[in-house]
Amino acid sequence: MNRRGLLGGGLQALVGGPLLAKASDAQPCEGCVAASLPLAASPDAKLTVKPVMTAMIHTGVWEGPCRFNVVSVAKEAENVKRAYDNWVKAVRSGKFNLGDQAELMEPHLITFAEDFTLPAAQLLPLEQESGKTDVYFISPGGSSIATFDIAKRFHKPAILFGLDCRTVDVAAYAKTRGEEVFIANDNDELRKTLSLLRARKVFRNTRILFPTNRGFPSVASLTGVSDLQDLENRLGVVVKMISYKVLSEEMERTLNNRSEQQKAEQAADELIGNAEHSYLDRQHVVRSLQFRETISTLMNAHGCNAFTIECFEFCGSRLPEKWKITPCLVHALFKDRGLASACEGDLGALLGMRLLMSVSGKSSHLGNMFLRDGNSVVINHSAPGIKMNGFDRPGLPYKLGRFTRSGWGAKVVVDFMRNSEKRVTVARMHPSARKLLVMKGQLVGAEGWDKDLLGCSVTALVRPVESGDGKKFVRRQTEYGNHLVWVYGDYSAEMEQLGRLMDLEVEVIA
């Protein structure tokens with residue numbers, strides 16, 4: 001099955017979880033990377049929701065086409081206050097399921113008279129909090145136009161609860177005027193809508209650190225997104241390039257810092273202790289964790305919450321050999337903290353990863369694509385996450401492998417088939433950053449667990465769940481490019497919905 005849909009919006013999301021994930025435990029470690037990241041990158045960043053009720057209080061008493069059960073002005077004001085108090089209690093008690101990714105702001109009541117104009121004094125509290133408000137959750141009493149006026153004034157999404165004559169009226173009119181008003185008919189829809197809006201927020205706040213001396217395109221990932229100005233103008237994503245000189249100076253500072261050395265040694269002992277086996281010496285794990293600290297410091301300095309580096313350019317600099325590191329372990333540990341981190345300077349993979357991890361709340365695996373036997377899509381790179389069942393769930397069993405023959409280059413190795421979930425969702429962003437390719441897939445095999453393999457050796461084999469034929473998906477990659485990112489679980493519907501919020505054309509192959 002091949003479904004196309006014009007989807008739109010802009011998102012972003014970071015989710016928390018332990019950095020060093022045990023196979024049987026989910027306790028966070030001390031000194032985790034996210035603790036030092038800037039606020040915009042915090043795994044605990046939430047969608048701020050401002051509850052607002054609108055209501056009419058007439059200036060006098062009369063009957064007419066809209067008034068058949070008239071009370072005094074004082075009584076009407078009393079009724080409005082009672083209704084608002086009850087609604088606030090319902091909101092605060094959890095009657096409306098906002099989910100754990102939303103942060104509830106102080107509710108607010110806006111009243112107006114029969115001229116249907118929202119008084120400036122009533123709007124002032126919303127004006128004052130507009131900068132920190134992501135979404136308005138509105139109970140639209142009194143009229144339809146009041147809710148639309150709030151959405152129009154602040155140009156932020158509004159959510160109405162329940163399908164009825166007023167909510168559909170507001171939502172339809174808002175769409176024709178370019179404003180976002182959503183209707184959640186039940187708590188499940190409410191939670192999902194807020195989750196997708198949060199994912200869009202996270203995406204729009206993505207700030208990518210990219211150490212490079214040559215820029216784009218990456219020599220082995222030509223189809224990564226390279227129009228950075230359009231990417232920032234349209235989707236809000238920013239790429240911050242730094243030179244290898246800056247990277248090298250910071251790494252040398254880290255290596256000469258005794259305190260950082262001790263922290264890296266402690267973290268390495270924990271990582272090795274929780275592994276089922278390690279194929280490399282402790283010193284090489286320590287060095288990779290020192291490199292992680294270097295990248296974390298640079299991300300802090302430049303306000304970044306995502307990372308990529310071009311492996312081929314990096315290798316040619318001889319810095320990896322000098323430091324006895326590869327980026328593999330850094331990518332795994334960053335992803336387990338909910339931070340998008342991709343191989344080879346490939347923004348097409350990184351942005352697909354950001355969306356997938358946001359909608360799933362899970363770490364991911366990224367890899368090269370190969371087609372095997374005409375129907376299985378092979379995804380192969382030594383960049384799996386450990387927290388692939390969820391940032392708040394126990395990690396997958398893992399080993400620590402070596403990338404090079406001489407024994408260095410720490411990487412995480414997992415057996416993807418040692419997991420009860422076999423449904424997967426695969427994604428990649430188009431080089432134009434205007435389209436997204438998604439596979440609704442089934443995991444059918446895994447390789448790389450049982451042997452001491454070098455290089456990129458952690459492999460997943462997947463097939464589209466309905467057709468079972470991966471060739472059609474791979475054919476579409478001739479438009480989208482190489483690297484694929486996947487997570488456990490079927491999130492194809494969420495990816496389509498997210499696309500609608502972000503003006504992305506989403507192509508789903510099942």
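Per-structure values
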item	result
Unit charges on C-beta of K, R, D, E only; dipole of the range 239-348, Debye	240 debye
Student exercise, the range 300-347 dipole from Lys, Arg, Asp, Glu Cβ charges, in Debye to nearest 20	240 debye
Kirkwood Rh in Å, taken over all unlike Cα pairs in the range 441-493	12.9 Å
Listed residues VAL239, ILE208, LEU255: farthest to the positive end of the dipole of the range 179-259 (Cβ charges)	LEU255
Positive-pole candidate from GLN497, VAL465, ASN305, dipole of the chain, charges at beta carbon	VAL465
Amide H contacts under 5 Å for SER278, placed H, 5+ residues apart	LEU400
Percent antiparallel among DSSP beta bridges (both partners in the chain, rounded to 5)	55 percent
Relative contact order (%) - the range 107-219, alpha-carbon pairs under 8 angstrom, separation at least six	17 percent
Karplus 3J(HN,Hα) series, Hz, for the range 102-109 with 6.51 cos²θ - 1.76 cosθ + 1.60 (x for Gly, Pro)	10, 10, 7, 8, 5, x, 8, 10
Antiparallel %, DSSP beta bridges [both residues in the range 258-415], to 5	70 percent
Positive-end residue, the chain charge dipole about Cα centroid, Cβ charges, pick of LEU222, THR404, THR48	THR404
Largest-first principal axis extents, alpha carbons of the chain, Å	90, 53, 42
Per-peptide average of other Cβ atoms within 10 Å, ordering 338-350, 304-316 highest first	338-350, 304-316
Interchain or long-range residues, amide H under 5 Å from TYR136's placed H	LYS50, ALA158, ILE159
Globularity index of the range 413-510, i.e. its alpha-carbon radius of gyration over 2.2 N^0.38 Å	1.13
The chain, dipole about Cα centre (Lys/Arg Cβ +1, Asp/Glu Cβ -1), debye to the nearest 20	720 debye
Cβ-defined net charge surrounding LYS324, 11 Å radius [Lys, Arg +1; Asp, Glu -1]	+1
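The numbers here are math on the coordinates, done by the rules we state, and not lab data. Keep in mind that this is a model prediction, so the values were computed, not measured. Cβ coordinates were reconstructed from backbone atoms using ideal geometry, including for glycine residues, and neighbour counts include every protein chain displayed.
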